[in-house]
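Below is one structure; the comments refer to it alone.
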Amino acid sequence: MKETTRRDFLRQIAIGEVAADKTLVCVFLRGGADTLNMVVPYGDDRYYKLRPTIAIPPPKGGAESPKGSAESKDAALRLNDFYGFHPMMQPLLPLFREGRLGIVQAVGSDNASGSHFEAQDQMEHGEGAGRTIGGGWLGRHLRSRIGHNLTPLSAVAIGPAVPESMRGSPTISAINSIDELQLVSAAADPGAVKTTLSALYESEAGLLYDPGRTTLQLLSRVESLRAQVYKTENGAEYPNDDFGHGLREIARLIKAGVGLEVACLDLGGWDTHFFQGATGGLQAAQIDLLGRGLAAFDEDLKRWRDRVTVVVMTEFGRRVYENGSLGTDHGRAFALLAIGGHVNGGKVHGQWPGLDEDDAGWLGPGGLKVLIDYRSVLTEVLSKAMNNPRTDQVFPGFKPEPVGLV
């Protein structure tokens, strides 16, 4: 952001000129997503032996099928000679082929508990096993940017609660919609309340001048947004559910120029122990929501693509074989997705670990081996896509390895 005086900054917020140079959107797939059926390793024969009823069939024509060949709703969508997308991820296929969607295989943490709560908690705090760090990794990211202009809407979680990843942030808002951002008055006259508060914050000598006036200016900007019917751009159509609604609100905030730097959104329903399904079924329905939602978000923000990076992660993947209930149990590594103008896309980064399960730390069989620590991926995103040179303050004591995603 260019240098501005305090009065200029407030004036720009009031008319909607202030926008974060970069925005990071974190989508968390709660429940442990089976990414082996999302990014399908159709080039490994063992995948089909271990998943006799839930495996995704290989692309029509197999590895030899050309990139431009007709896609099938009952087979994987070819990404390269080894990997394919689940057919419900078809809306994301153009992003991959255009080089704006990248994948990192075999990502995970050193948490071997198999507990949703423990794995999510560790990952959201940006910790290693057995170590406690104050706050969440996104909170520390924003704290490391002290000295930069932050607004009350620099960090937003879509939903009823603030995620652990944002704990410790200098500013946090948890909302379901922009429409919630308004002054509430017992006299049903928020205008009068705002006038009174404005008078309190008129003196530049007051300690609350900056935050108070900034907040009021933001509220004025949001009020003008609420008065307008939001129209998506480029024909983007969001899914008609909470996930689609959340992405739509994030896009609305980015376009509004309210200084949004970090946004968090959850998509649950990935704990598929029973009747997971293959190209159809429970998991396919969730993948459909994910694919259509992210594709609509990307299309809606076409003019902002160089400023927005989306990271899609989960707490752990699933075990490599299907269980007796035609589902999958808790595993280890997963495939992480990222979308954005700074993403080195059109590739699946990282080595394929094979389907020999990692038994380390488990009482029984594990899952896909973890070859890349999740913090290495997030460090690269923060340092290169978000221009944060202080990632050592975000993940203290951690030595990241190069990934090549950004």
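In table form, for the structure just shown:
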| item | result |
| --- | --- |
| Hz values of 3J(HN,Hα) by residue in the range 272-277 - Karplus curve (6.51, -1.76, 1.60), Gly and Pro given as x | 8, 6, 10, 6, 5, x |
| Of Leu289, Val312, Gly331, farthest towards positive along the dipole that unit charges on Lys, Arg, Asp, Glu beta carbons give the range 256-346 | Val312 |
| Stretch gain in nm, segment Gln393-Arg97, where the contour uses 0.36 nm per residue and the Cα spacing is subtracted | 103.1 nm |
| Hz values of 3J(HN,Hα) by residue in the range 349-356 - Karplus curve (6.51, -1.76, 1.60), Gly and Pro given as x | 7, x, 7, 7, x, x, 9, 7 |
| Cut-off 13 Å between beta-carbons: net charge of the residues surrounding Lys347, Lys and Arg +1, Asp and Glu -1 | 0 |
| Loop-resident sites, the range 34-140, for GluC sites (Glu not before Pro), counting at most 15 other Cβ within 10 Å (DSSP) | Glu98 |
| Long-range HN-HN contacts of Asp266 with modeled amide H, under 5 Å | Phe28 |
| Length added when fully stretched, Asp242-Lys49, from 0.36 nm per residue minus Cα-Cα | 65.8 nm |
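None of the figures in this text is laboratory data; all of them are computed from the coordinates on show. Just so it is clear, the structure is predicted and the values come from calculations on it, not from any experiment. Cβ: placed from backbone, ideal geometry, glycine included. Neighbour counts: every protein chain shown.
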